[in-house]
Amino acid sequence: LGSIGYPNLHGFDASQGMLKLAGEKKLYEQLEHAMLGEELPYKTDQFAGTVACGVFTQGHAPLDGLDELVRVTRAGGHIVFSISRSYLGEVFETKAEQMEQQGKWTRVEASELYN
């Protein structure tokens, strides 16, 4: 992201080992030990966009983590994430529809199911 004009990167992970690896890349302005599904250590509307890859799957972050991503992403921002549809497909669709009805977000795009 830094190479395409987004230099102000913050990251978090539940794993100290992953934070250490991320820090070694020297790409992040700030790294935090935090868990998606709990309150994140960021201000409301702090970020123009958020990304969560490989966390919404069995044994990882609960879908309630989306509420925190919405909280820390300012209005008009984008949230990009992946989910395990084979595990969370129907549950995710229910959550996404609830969040849309509550005015928390608008789905812009979703990829097709793939293996």
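Odds and ends about this structure:
- Subset of region 83-105 [part of a loop (DSSP other than H, G, I, E, B) and either touching a residue at least 12 places away in the same chain (Cβ under 8 Å) or within 15 Å of the chain's Cα centre (by Cα) (or both)]: SER84, LYS104, TRP105
- Residue ID - modelled with the lowest pLDDT, chosen from residues in region 1-30 that are among the hydrophobic types (A, V, I, L, M, F, W, C) and in a loop (DSSP other than H, G, I, E, B): LEU1
- Scanning region 56-86 for residues that are in contact with a helix residue (DSSP H, G or I) (Cβ under 7 Å, 6 or more places away or on another chain) and farther than 20 Å from VAL108 by Cα gives THR57, GLN58.
- VAL80 vs. criteria part of a strand (DSSP E or B), within 25 Å of LEU1 (Cα to Cα) and either at pLDDT below 95 or of a type in the set (Gly, Ala, Ser) (or both): yes
- Every listed requirement among (1) open to solvent by 30 Å² or more (accessible area, probe 1.4 Å); (2) over 20 Å from ARG107 (Cβ atoms); (3) not hydroxyl-bearing (Ser, Thr, Tyr) is met by LEU40 save one, (1).
- Scanning region 1-20 for residues that are open to solvent by 60 Å² or more (accessible area, probe 1.4 Å), over 21 Å from VAL80 (Cβ atoms) and not charged (D, E, K, R) turns up just one, GLN16.
The values are calculated or read from the model by the stated rules, or taken from the named source; none is laboratory data. All values derive from a computational prediction rather than experimental measurement. So basically every Cβ, Gly included, is an ideal-geometry build from the backbone, and we count neighbours across all protein chains shown. The area values use the complete protein model at the heavy-atom level, side chains included, leaving out ligands, DNA and RNA. Shrake-Rupley method; radii C 1.70, N 1.55, O 1.52, S 1.80 Å.
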